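Novice: Below: one structure in structure tokens.
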Amino acid sequence: MDTANGRIDSERAWAGGVLAALVVLVGGVVAFPRRVYDEFVWHYFWGPVVADAKGAQCAVREGGTTKFFYEANACATAPEPVAVPGYTLVSEVGYAVTLIAALVGLVFLLRRLDVGQDRSLFFALFPFMLFGGALRVVEDALDEGLQGVDVAISYPWNTLIISPVIYFTVFFVTLAALVASIFLARRNVVDRYEYPLFGAGAVALVATLGYLLALSFSTELVTLNLLVPTVVLGGATLVTGVTWWAIETFEPEINAGTGAIGAVVIWGHAVDGVANVAVLDWAGALGLAGQYGAKHPVNRAIVSITDSVLPASITSVVGTAWPFLFVKILAAVAVVWVFDRRIFEESPRYAILLLIAILAVGLGPGSRDMLRATFGV
């Protein structure tokens, strides 16, 4: 079997697997709506999104309808299934599987378009990762109940910019920009498709930040604290620099495969780690008025373990979120180590897309946490 036929068979296998999964899921929802939709799909995936979109403490599925509660006591006594904003281990596993399936499909698309084997795609998509975090903060700002402000995105459309749905929204926006950029390059309008792709992401990012900045000047409910991005970006850059120096000095083979991409991946996850420390442990020092908490199960677990292991006399000084930063850096370094030269030689597109996804799941939430604190939402 030649290479072309092998690729076609792989594409058909992927499409067949995705279609079969959809048939099973939809069939289960139709045949067993209470068990499959209410207690699984709604409970772990859609319920947390709509609860967040409504600004509720929780959402309850009862008798085929959804009810929203805005007090923690009501949520505690509500009958299951109860969905609260944020993630669960079940939902994170589900999203991880969906992400892998989407990446495989994207690899097939890039092969068809004959692009994506160069590392330049990674850097061209960098602004979109920051754009995703900034766009999520727009929804956070709208949750503040702005009065006298033109809020163009209301329920149910705001569900499109709530985690994790926002990942799909940003994915399709990015995909549209990619296809349009390739079209321009092949029409000889531009020399390389990466240039308009990077430009589209930069424009989207600047426009989103501009909207948030405008809100900070037009309403008291959105503020501006430039100390936060200074500390987060400066701290992440410092942590990355020290980590990079240690790698290059003691074990340069770790980054032999990824090169500069490895430094960006580590920096993106350092932003996530430092942002968590800033909003959870340094809120008072940074003058943050709002109350922020950890939404991801891993982060919550780390904070909980630190709080239970260390005495209050220590946590009151150093906080409880700082171990998360070390976990993020160690995980990022481990990922960079895995992507050696052989992986890039055998499957460059898949390696680049995986690294883009790995950076996005760190830089996206990290930039959101940083910008939330920056604008006080």
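The values are calculated or read from the model by the stated rules, or taken from the named source; none is laboratory data. All values derive from a computational prediction rather than experimental measurement. Counting neighbours? That spans all protein chains shown, and the Cβs are built from the backbone with ideal geometry, glycine included. Keep in mind that these areas ignore ligands, DNA and RNA; they rest on the heavy atoms of the full protein, side chains included. Shrake-Rupley method; radii C 1.70, N 1.55, O 1.52, S 1.80 Å.
Novice: Given a Förster radius of 41 Å and the C-beta distance between residue 238 and residue 31 as r, what FRET efficiency does 1/(1 + (r/R0)^6) yield to the nearest 0.05?
Specialist: Plugging the Cβ-Cβ distance into 1/(1 + (r/R0)^6) gives 0.15.
Novice: Give me D for the range 71-128 in µm² s⁻¹, whole number, from Stokes-Einstein with Rh from the Kirkwood sum over alpha-carbon pairs, 4 °C and 1.567 mPa s.
Specialist: Estimated diffusion coefficient is 86 µm²/s.
Novice: What size of dipole, in debye to the nearest 20, comes out for the chain about its Cα centre when the only charges are +1 on Lys and Arg C-beta atoms and -1 on Asp and Glu C-beta atoms?
Specialist: With Lys and Arg at +1 and Asp and Glu at -1, about 580 debye.
Novice: Of the listed peptides 251-257, 169-175, 365-371, what is their order by residue-averaged count of other C-beta atoms within 10 Å, with the highest listed first?
Specialist: Per-residue mean Cβ counts within 10 Å order the peptides as 365-371, 169-175, 251-257.
Novice: Identify the trypsin sites (Lys or Arg not before Pro) of the range 172-235 meeting these criteria: DSSP loop state and at most 13 other C-beta atoms within 10 Å of the C-beta.
Specialist: Passing sites in the range 172-235 are 187.
Novice: Here's another thing I want to ask about it. Suppose we look only past 39 Å in the calculated P(r) of the chain. What percent of the Cα-Cα pairs does that tail hold?
Specialist: 20 percent
Novice: When the Kirkwood radius is taken over all Cα pairs of the range 22-146, what Stokes-Einstein diffusion coefficient follows at 20 °C and 1.002 mPa s, in µm²/s?
Specialist: Calculated translational D: 124 µm²/s.
Novice: What is the distance in Å between the Cα centroid of the range 165-227 and that of the range 355-377?
Specialist: First find each Cα centre; the distance between them is then 15 Å.
Novice: Moving to a separate point now. Please report, for the Cα atoms of the range 1-70, the Rg to one decimal and the Dmax as a whole number; what are they, in angstrom?
Specialist: Looking at the range 1-70, its Cα Rg and Dmax stand at 18.4, 60 Å.
Novice: So with the 1.4 Å probe, I'd like the accessible area per residue for the chain, rounded to whole Å².
Specialist: Ligands and nucleic acids excluded, the result is 50 Å² per residue.
Novice: Would you work out what percent of the accessible area of the chain, with all protein chains in place, is carbon or sulfur (probe 1.4 Å)?
Specialist: The nonpolar share, carbon plus sulfur, comes to 67 percent.
Novice: May I ask which residue of 100, 116, 83 lies farthest towards the positive end of the charge dipole of the range 39-170, with charges of +1 (Lys, Arg) and -1 (Asp, Glu) on Cβ and the Cα centre as origin?
Specialist: It is 116, whose Cα lies furthest towards the positive end.
Novice: Semi-axes of the range 180-235's equivalent ellipsoid from the Cα gyration tensor, sqrt of 5 times each eigenvalue, largest first, rounded to whole Å?
Specialist: After scaling each eigenvalue by five and taking roots: 35, 15, 5 Å.
Novice: What helices in the chain pass both tests, a Cα length along the helix axis of 20 Å or more and a mean Kyte hydropathy of -0.5 or higher, using whole DSSP H runs?
Specialist: Qualifying helices, which must be both long enough and hydrophobic enough, are 3-31, 89-113, 126-142, 165-186, 194-218, 227-250, 260-281, 322-338, 348-375.
Novice: For residue 62, what residues show an amide H to amide H distance below 5 Å, using hydrogens built from the backbone and excluding near sequence neighbours?
Specialist: 67
Novice: For the range 109-249, what log10 I(q)/I(0) values come out of the Debye formula at q = 0.12 1/Å, with one point per alpha carbon and no solvent?
Specialist: Treating every Cα as an identical point scatterer, log10 I(q)/I(0) equals -0.66.
Novice: Please list 206, 232 in order of solvent-accessible area, largest first, computed with a 1.4 Å probe with all protein chains present.
Specialist: 206, 232
Novice: Please give the peptides 24-33, 260-269, 80-89 ranked by average Cβ packing (other Cβ atoms within 10 Å per residue), highest first, as a rough proxy for protection.
Specialist: In decreasing order of mean packing, 24-33, 260-269, 80-89 become 260-269, 80-89, 24-33.
Novice: So for each of 236-247, 51-62 I average, over its residues, the number of other beta carbons within 10 Å; can you give me the resulting order with the highest mean first?
Specialist: Highest-to-lowest ranking by the protection proxy: 51-62, 236-247.
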